[in-house]
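Undergrad: First the structure, then my questions, so here it is.
The values are calculated or read from the model by the stated rules, or taken from the named source; none is laboratory data. Since the model is a prediction, treat every value here as computed from it, not as a measurement. In case anyone asks, the SASA skips ligands and DNA or RNA and just uses the protein heavy atoms, side chains included. Shrake-Rupley method; radii C 1.70, N 1.55, O 1.52, S 1.80 Å.
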Amino acid sequence: RAARDLAAGLKAWLEPRTVRYYPSRGVTYESHLAPPPHLVGLRIAALDALLEPDGEPPIVVVSAVALSEKVPDPAMRPRGFTLRTGELLDLDETALDLVAAGYERVDQVEDRGQFAIRGGLLDLFPATEDRAVRVDLFGDEIESLRWFSTFTQRSLGDAELVEVSPAAELAQEHRELAE
């Protein structure tokens, strides 16, 4: 908790410099359980920030427990992506990308690491976010990105950009080999 709180404080003070929190997996590798999607997303976002610094080097806050855990080879990890208003988006291709990044396709999004497609709408709960986003398409163009409550399905505000971090530690082909 102290590392998470420190990262939040540093992020507020050092804006616009990138500050990432690198949490513990929450489960051991020996247990053969998958860590929750939000922890995976935070871990991968922090590692990717270190591999591909955007200008000034990022600050990554990590606890001793998290630092002692194994890290998958970057070549074996799925890649995240961003969604921006006005960009083109192919729903079928995006669904494949989301599954490859560890997301689960469901009828209605309720938790992190899930997505649903209904007509020209993509509902997505990114692994590192506290709320879901509704991607409204006009043809193949992202017309709007709106945060929404998974409980009430009501909009909570607009977004211009949404970072979609992976919800699994390993890329799809490596997850299949590990099973």
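Undergrad: Carbon-plus-sulfur fraction of the accessible area of the stretch 30-179, 1.4 Å probe, in percent?
TA: The value for the stretch 30-179 is 52 percent carbon and sulfur by accessible area.
Undergrad: For the chain, what does the helix formula give at 222 nm: sum of -39500 (n - 2.57) over DSSP H segments with n ≥ 4, over the residue count, nearest 500 deg cm²/dmol?
TA: Only helices count here, giving -8000 deg cm²/dmol.
Undergrad: So with the 1.4 Å probe, I'd like the accessible area per residue for the chain, rounded to whole Å². Each step should come with its number before you reach the end.
TA: Details: 10440 Å² over 179 residues.
Dividing the accessible area of the chain by its residue count gives 58 Å².
Undergrad: Let me ask something else about it. At 1.4 Å probe size, put Glu169, Glu160 in order of accessible surface, largest to smallest.
TA: Numbers: Glu169 25, Glu160 135 Å².
Listed by decreasing accessible area, they come as Glu160, Glu169.
Undergrad: Okay, moving on. Using the Kyte-Doolittle scale, which helices in the chain average at least -1.0 and also have C-alpha atoms spread 20 Å or more along the helix axis, with helices defined as whole DSSP H runs? Mind dumping the intermediate values first?
TA: Values: long enough: 37-51 (21 Å, 1.33).
TM-like helix candidates: 37-51.
Undergrad: Under a 1.4 angstrom probe, counting protein chains only, how are Asp123, Asp140 ranked by accessible area, largest first? Walk me through the intermediate numbers first.
TA: Details: Asp123 5, Asp140 95 Å².
The residues order as Asp140, Asp123, largest area first.
Undergrad: While we're on this one: So what's the stretch 1-112 giving for Rg/Rh, alpha carbon basis, Kirkwood Rh from the mean inverse pair distance?
TA: Details: Rg = 15.7 Å, Rh = 16.0 Å.
That ratio is 0.98, to two decimals.
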